[in-house]
Amino acid sequence: MDQALTTSIRHERAGGALRALTLASVLALFALITLGGVVRITDSGLGCPDWPFCHGKVLPSTDAATLIEYSHRMVATITGLLIFATAVLIWRSHRSERWLLRPVTIAVFLLVIQVVLGGITVQTELNNGLVMAHLAFAEALLAVMIVVTVVTWSGHPSLTSSETGQRHKIQRPTLVLLAAAATFGLILTGAYVQASGATGACGDSWPLCQGELLPEGRLALIHMLHRLLSVAVGVAIAAGVLQAWSLRGRQPFLKIAALAVAGLFVAQMAVGGINVLMAFNQATNVLHISAATAVWASLVLLAALAYPVPAANLGGLDAD
């Protein structure tokens with residue numbers, strides 16, 4: 001077989017492996033965050049009271065709390081290996097692609113912090129601040145890996161040399177980025193509602209709390225402020241979606257992503273209401289957390305698609 005053809009096939013396989021790894025990493029991260037929600041909702045965080053082992057064993061007992069927490073750790077291990085494998089492949093074969101190299105290096109840094117935080121959180125018996133920090137780093141890691149995935153799978157053309165020289169004149173999806181930042185904050189306030197014990201403070205009253213916009217009592221007020229913030233975030237998301245729609249000619253999937261963001265946020269608001277009416281049933285509570293992460297992930301995806309980033313050249317390997 002011709003050497004040039006053999007090299008081309010090898011390069012194409014390397015690009016295919018990278019695409020598969022990035023996608024698998026994002027899906028694993030989403031599953032991990034959802035499972036983390038299950039751990040919190042079921043109070044299984046101390047199902048394994050030690051770390052890195054569980055009750056001092058590699059294979060622990062089979063009670064429910066232990067199995068839930070142990071499953072979370074196993075998914076975390078798999079996710080970490082996928083991210084690290086992605087990083088190694090990029091460091092080895094695509095070092096010239098700065099939109100791959102920088103984000104994946106940040107991802108490894110966040111992964112290390114996340115692992116350390118996980119261990120400290122268990123050792124401190126689930127300190128509320130550390131639990132929230134653990135969630136924040138997980139969501140940030142998901143965002144970074146989505147960026148890596150979009151650049152890896154990107155179908156939009158690279159910027160031309162003239163465009164690269166005029167980058168400051170190219171419209172950036174500022175409103176989309178602001179909506180994503182607001183959603184990130186909303187997720188953390190939701191975690192604070194749970195950590196503070198304010199989850200059921202409004203009873204089965206929705207959208208108001210105890211029939212009031214600003215109810216009495218610290219816990220009820222915390223809960224209601226989260227709901228009010230969700231309305232403000234909804235306005236930000238609407239503005240971001242409209243901006244992304246105006247940039248739809250930049251990327252073929254931008255329209256679909258914009259519609260997905262809008263649909264997911266509406267679904268999330270509905271789930272929030274159902275969660276209250278269902279007296280914060282564990283299943284709807286977990287669904288609420290998972291849906292929030294889906295909205296966050298879709299906004300990061302939308303921002304990454306709308307941002308004027310050169311497509312990665314996965315057709316060749318760096319020989320440096």
**Q.** Residue under evaluation GLU212, criteria (1) within 27 Å of ASN128 (Cα to Cα); (2) at pLDDT below 95, criterion not met
**A.** (1)
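Of everything in segment 30-64, what is in contact with a helix residue (DSSP H, G or I) (Cβ under 9 Å, 6 or more places away or on another chain) and in a helix (DSSP H, G or I)? Give them in sequence order. Please lay out each step first, then the result.
Initially, segment 30-64 is screened for residues in contact with a helix residue (DSSP H, G or I) (Cβ under 9 Å, 6 or more places away or on another chain), giving 30-52, 54-55, 59-61.
Those that are in contact with a helix residue (DSSP H, G or I) (Cβ under 9 Å, 6 or more places away or on another chain) and in a helix (DSSP H, G or I): PHE30, ALA31, LEU32, ILE33, THR34, LEU35, GLY36, GLY37, VAL38, VAL39, ARG40, ILE41.
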**Q.** Those residues of segment 99-139 which are in contact (Cβ under 8 Å) with a residue 40 or more places away in the chain, among the aliphatic types (A, V, I, L, M) and part of a helix (DSSP H, G or I), in sequence order
**A.** LEU100, VAL104, ALA107, VAL122, VAL131, MET132, LEU135, ALA136, ALA138
**Q.** Residue within segment 69-77 that is within 24 Å of the chain's Cα centre (by Cα), of a type in the set (A, V, I, L, M, F, W, C), closer than 24 Å to VAL286 by Cβ and surrounded by fewer than 20 Cβ atoms within 10 Å (Cβ to Cβ) present
**A.** yes
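Could you run through segment 188-246 and say how many residues are among the charged types (D, E, K, R) and in a helix (DSSP H, G or I)? Spell out how you get there, then give the answer.
Narrowing segment 188-246 to residues among the charged types (D, E, K, R): 204, 212, 216, 218, 227.
Narrowing further to those that are in a helix (DSSP H, G or I): 218, 227.
The number of residues fulfilling the criteria is 2.
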Q | Among residues of segment 85-125, those that are of a type in the set (Val, Ile, Thr), within 15 Å of THR149 (Cβ to Cβ) and surrounded by 20 or more Cβ atoms within 10 Å (Cβ to Cβ), counted | A | 3
Q: Check THR105, THR152 and return the single one that is of a type in the set (Val, Ile, Thr), at pLDDT below 90 and closer than 23 Å to LEU21 by Cα.
A: THR152
Q. Looking at VAL75, VAL58, which is the one that is farther than 24 Å from TYR192 by Cα, modelled with pLDDT of 90 or more and not acidic (Asp, Glu)?
A. VAL75
Q. Out of all the residues in segment 261-278, which are assigned to a helix (DSSP H, G or I) and free of Cβ contacts under 8 Å to residues at least 40 places away in the same chain?
A. ALA262, GLY263, LEU264, PHE265, VAL266, ALA267, GLN268, MET269, ALA270, VAL271, ILE274, ASN275
Q) How many of the residues in segment 219-265 are touching a helix residue (DSSP H, G or I) at 6+ places or on another chain (Cβ under 8 Å), small (Gly, Ala, Ser) and surrounded by fewer than 17 Cβ atoms within 10 Å (Cβ to Cβ)? A) 3
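The values are calculated or read from the model by the stated rules, or taken from the named source; none is laboratory data. Keep in mind that what you see is a predicted model, and the values were worked out from it rather than measured. Cβ coordinates were reconstructed from backbone atoms using ideal geometry, including for glycine residues, and neighbour counts include every protein chain displayed.
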